[in-house]
Amino acid sequence: MFLMLGGGALCLLGGLLNARQFAFSWLLSFMFFLSLCLGALFLVIAHHLFDAGWSVPIRRSCEHIASLLFPCMALLFIPIAFLAKTLYGWMRANPRLEHALAAKEPLFTRPMFYLVSAFCFLVWWLLSNRLSYWSLQQDETGAAKATYRMRFFSAVGIFLFALTFTLAAVLWMMGLQYQWYSTMYGVYYYAGGVWVALATVYVLTLALERQGVLAEVLHAQQYYFLGSLLFAFTVFYAYIHFAQYFIIWNGNMPDETFWYVLREKGTWWHVGMVIIFGHFFLPFLALLRIDVKHTFSIMIPLCFWCWLMHWVDLAFNIIPALHPNGFALGWLWLDAACFAFMAGLLSRVFLKKLARHAPYPLKDPRLIEAMGLHPPLPAQVLGGEFDPTDELRDAPPQFGGRNE
């Protein structure tokens, strides 16, 4: 509540002092939390597509984060919709006089901007709502139908997810400098979003375990696989970012290279170095060791570091359109205010959802497997060697191999 009230008051003050700066600061925080929610939605979809077992205990947290896409993120988009003309230069330009803008029609037109934005939120609402609905239905009935419906929506949703994720990145972020284009930009934004979502889920999982909420269903493998995926997406993000830079720079076309030339001016050069070493090298080297993924004294600070680096990376993409000569430290308080307001609002809604429903899928068919327990084979059960309910009731979850 303090974050919401304090951040909201400073946001209003910033909007009165400089509406254009407020628009960019708001967009920066919005794109950060949007990537987090979309990253969580991808983790849910991937869980069902691969019929994963280890991720069952953390699936409900991902579902709650994904459900913030609507209506929370949709409502937070309203200031961007109203300030779109302030943010996006192409709305003030004449497409008849600019070839770069004419080539991007009809996407970069005002009607399509609002139509595509509405389409994106509609798709995200549909996917997050249906996946969450059938997950809760599975808790009540345990019927196979719920599992099959979640797999169906995931199979269809992965294509809609890729389309809308790319459209959002291109229209709301790359559109700030509409003369520039990159075919890898959607994947670039996706990689960062899943990366920060994994870091967030790692922290949430540990917090819920320490409170006893997930203690009975967790196994050491959850932390190991989350850490491994975080390592994988650290490398994947760096690959996409470098590939984009390598292709554009070697192509040596002014319509493309100007985007990077601008980000080598002033303090943006130093921000770029922070991204190279802080966003890639530091987490890459830290996560190389297998045992680190279970060492909470290293992983928790690293996860918060991921939040900071993802924010810096998005600032590197967004803010140079307003401040081409370097990061505006004088307006950092407004950036922090927008971030605090959104963080407070989304956290409050998330905690209410978490308290309203079971913290993990109660009747998922792979829950026992996720706990590290192994039900007896059918032959053993039929032979009457032992009662499987005794094993499941008496065997405690295994947490061996983790370092505090």
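Apart from one condition, L302 fits all of (1) surrounded by fewer than 18 Cβ atoms within 10 Å (Cβ to Cβ); (2) closer than 30 Å to A220 by Cα; the exception is (1).
Among the residues of the stretch 12-22, those identified as within 20 Å of M73 (Cα to Cα) and surrounded by fewer than 22 Cβ atoms within 10 Å (Cβ to Cβ) are L12, G15.
Applying the selection to the stretch 48-86, what residues are of a type in the set (G, A, S) and surrounded by fewer than 22 Cβ atoms within 10 Å (Cβ to Cβ)? A52, G53, A74, A81, A84, listed by residue number. For L230, the conditions (1) closer than 23 Å to L171 by Cα; (2) surrounded by 17 or more Cβ atoms within 10 Å (Cβ to Cβ); (3) not basic (K, R) all hold with the exception of (1). Looking at F225, is it crowded, with 20+ Cβ neighbours inside 10 Å and either part of a helix (DSSP H, G or I) or in contact with a Gly (Cβ under 6 Å, 6 or more places away or on another chain) (or both)? Spelling it out, it is not the case that F225 is crowded, with 20+ Cβ neighbours inside 10 Å and either part of a helix (DSSP H, G or I) or in contact with a Gly (Cβ under 6 Å, 6 or more places away or on another chain) (or both). Here is the figure for the stretch 182-215: residues that are out of contact with any helix residue (DSSP H, G or I) (no Cβ under 7 Å at 6 or more places or on another chain) and either buried (at least 22 other Cβ atoms within 10 Å of the Cβ) or over 21 Å from T295 (Cβ atoms) (or both) total 3.
Conditions (1) farther than 21 Å from G39 by Cα; (2) within 15 Å of the chain's Cα centre (by Cα), marked per residue:
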residue	(1), (2)
L126	no, no
F153	no, no
V156	no, no
F159	no, no
A168	no, yes
Q177	yes, no
V187	no, yes
V194	no, yes
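Would you be able to tell me the number of residues in the stretch 147-171 that are farther than 17 Å from M184 by Cβ, hydrophobic (A, V, I, L, M, F, W, C) and crowded, with 21+ Cβ neighbours inside 10 Å? Summing the residues that are farther than 17 Å from M184 by Cβ, hydrophobic (A, V, I, L, M, F, W, C) and crowded, with 21+ Cβ neighbours inside 10 Å in the stretch 147-171 gives 2. Listed here are the helices (runs of 4 or more DSSP H) enclosed by the stretch 1-67 that have at least 1 residues being of a type in the set (F, W, Y) and in contact (Cβ under 8 Å) with a residue 40 or more places away in the chain: 2-17, 19-49. All conditions in (1) touching a residue at least 60 places away in the same chain (Cβ under 8 Å); (2) surrounded by 21 or more Cβ atoms within 10 Å (Cβ to Cβ) hold for G89, with the sole exception of (2).
Every number in this text was worked out from the coordinates using simple rules, so none of it is lab data. Just so we're clear, the structure is a prediction, and the values are computed from it rather than from any experiment. No Cβ is skipped: glycine too gets one built from the backbone with ideal geometry, and neighbour counts run over all protein chains shown.
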